[in-house]
Amino acid sequence: MLTAMVTPFLPDGRVDYDGAARLAAHLVDEQRCDGLVVNGTTGESPTTGDAEKQQLVRIVVETVGDRATVVAGAGTNDTAHSAELARQAEAAGAHGLLVVTPYYNKPPQEGLLRHFTEVADATDLPVMLYDIPGRTGVPIHTDTLLRLAEHPRILAVKDAKGDLFAGSQVMAASPLVFYSGDDALNLPWLAVGAAGFVSVIGHVAGADLREMIDAYLAGDRERALAIHRRLLPVVTAIMTRTQGAIAVKAALNLLGLPGGTVRAPLADASPEFAARLREDLMIGGVKVPEASVPEVNA
């Protein structure tokens, strides 16, 4: 159970490093996360600088690295830059790397193979590939994944492609470990052999997702399905109505946890969105303090 952690910002737009430490501790100690992904898309990696990324990794490792795995996002659409971010993450103490498919420039599969190989060669850290064609424009094909699986440090895939059959083929033919990268498909991915989740709703429902994994692995399918269904309003509210970082930070702010603002070009959630979000969180079993009710018409 890993959560793709947001990067808290202060009202003036600076990174809230103290808030990041508090949030990391909450996610591990209260939400039962086995690990955290720092500097991913939910962490607004497109708008944080290299020095900010390195400092975030360092602080999260110092805070929870003795009891959780810290995976650093290092993927960009520039192979050389990605390799440098990987080296910086290793120097900051990261335990592993998340490397997304290069976005916007739409490389061919041979380009993906070379990109991921070069980044994996840059450090001694284990690598999780991030396959999310809805954002990047390019999927990692099955044959490419099988070739990448031959690399000694490419060990896992965060899948947001949603092709359960293709993922099943890769898992059957290689040692790659799959993680659900789409909260709507967490339980289906477990059913075809995935090891766990890299979740966004884990910020508010991590303990529930941990329980879902435990129940499924213990053979209690009914309990796992009940948790899946109870969390549907939370998934809907956070993953479908607006961009994920916007929704999660609104949820964290409702809960009195470090979230803060987002950086442009993202836009903070409106009071109307926050009011509806609060209702959906409560329906899904998340305890939201009464004091957090937004004054929509204020």
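The values are calculated or read from the model by the stated rules, or taken from the named source; none is laboratory data. All values reported here derive from a predicted model rather than from experimental measurement. Glycine gets a Cβ as well: all are built from the backbone with ideal geometry, and neighbour counts include every protein chain shown. Accessible surface is based on the protein model in full, side chains and every heavy atom, while ligands, DNA and RNA are left aside. Shrake-Rupley method; radii C 1.70, N 1.55, O 1.52, S 1.80 Å.
Evaluate the distance, in nm, between pseudo-label points positioned 7 Å from the Cα of L225 and of D143 along their respective Cα→Cβ axes.
3.9 nm
For the chain, what proportion of DSSP beta bridges, expressed in % and rounded to the nearest 5, is antiparallel?
Rounded to the nearest five, the antiparallel share is 5 percent.
With just the Cα atoms of the stretch 141-247, tell me how far they stretch along each of the three principal axes, in Å, largest first.
On the principal axes, the stretch 141-247 reaches 39, 34, 22 Å in Cα extent.
Bins of 5 Å, beginning at zero and ending with the bin holding the largest distance: percent of Cα pairs per bin for the stretch 1-53, please.
5, 21, 30, 25, 13, 6, 0
Suppose all protein chains stay in the model; what accessible area per residue would a 1.4 Å probe give for the chain, in Å²?
Value returned for the chain: 41 Å² of accessible area per residue.
Once the piece of chain linking H151 and R241 is laid out straight, how much longer is it, given 0.36 nm per residue of separation minus the C-alpha distance between them?
On the way: separation 90, 0.36 × 90 = 32.40 nm, distance 3.82 nm.
Here the answer is 28.6 nm.
Keeping all protein chains in the complex and leaving out DNA, RNA and ligands, what accessible area do you get for H26 with a 1.4 Å probe, in Å² to the nearest 10?
Approximately 40 Å² of H26 is accessible to the 1.4 Å probe.
Which number do you get for Rg(Cα) / (2.2 N^0.38 Å) in the stretch 203-298?
The stretch 203-298 yields a ratio of 1.17.
Roughly speaking, what % of Cα-Cα pairs in the stretch 38-93 are separated by over 18 Å, rounded to a whole number?
So the portion of pairs separated by more than 18 Å is 24 percent.
Using R₀ = 22 Å, calculate the FRET efficiency as 1/(1 + (r/R₀)^6) where r is the Cβ-Cβ separation of I283 and A207; round to 0.05.
Calculated value: 0.80.
Between [x] 56, 41, 34; [y] 55, 46, 36; [z] 73, 68, 30, which entry matches Cα extents along the principal axes in Å as derived from the coordinates of this structure?
Recomputing Cα extents along the principal axes in Å here picks out [y].
Find the Rg to Rh ratio for the stretch 1-130, where Rh is the Kirkwood radius over alpha-carbon pairs and Rg uses the same atoms.
Value, to two decimals: 0.97.
Excluding residues on the same chain fewer than 8 positions from K158, give the lysines whose Cα lies under 24 Å from its Cα.
Cross-link targets: K53, K106, K249.
Per-residue ellipticity at 222 nm for the chain, helices alone: DSSP H runs ≥ 4 residues times -39500 (n - 2.57), over residue total, nearest 500 deg cm²/dmol?
That comes out to -14000 deg cm²/dmol.
Compute the long axis of helix 109-121 from its Cα atoms, compare it with the longest principal axis of the Cα atoms of the chain, and write down the angle in degrees, 0 to 90, nearest 10.
Once rounded, one gets 80 degrees.
Between the alpha-carbon centers of the stretch 94-116 and the stretch 1-75, tell me the distance in whole angstrom.
22 Å
Under a GNM of the chain (C-alpha, springs under 10 Å), which listed residue has the highest mean-square fluctuation: V248, V60, V288?
Of the options given, V288 has the highest mean-square fluctuation.
To test your reading of the geometry: what angle, between 0 and 90 degrees and rounded to tens, separates the Cα axis of helix 164-173 from the longest principal axis of the chain?
Result, in degrees: 40.
Kindly sort L232, L277 by accessible area of their heavy atoms, largest first, with the probe set to 1.4 Å. Kindly include the intermediate steps, with their values, before the conclusion.
Values: L232 80, L277 0 Å².
The ranking, largest first, comes out as L232, L277.
Share of antiparallel DSSP beta bridges in the stretch 1-139, in percent to the nearest 5? Present the calculation step by step, with values, prior to reporting the outcome.
Values: 1 of 15 bridges.
Antiparallel: roughly 5 percent of the beta bridges in the stretch 1-139.
At 7 Å along Cα-to-Cβ for each site, give me the label-to-label distance between D29 and E290 in nm.
The modelled label-to-label distance comes out at 2.8 nm.
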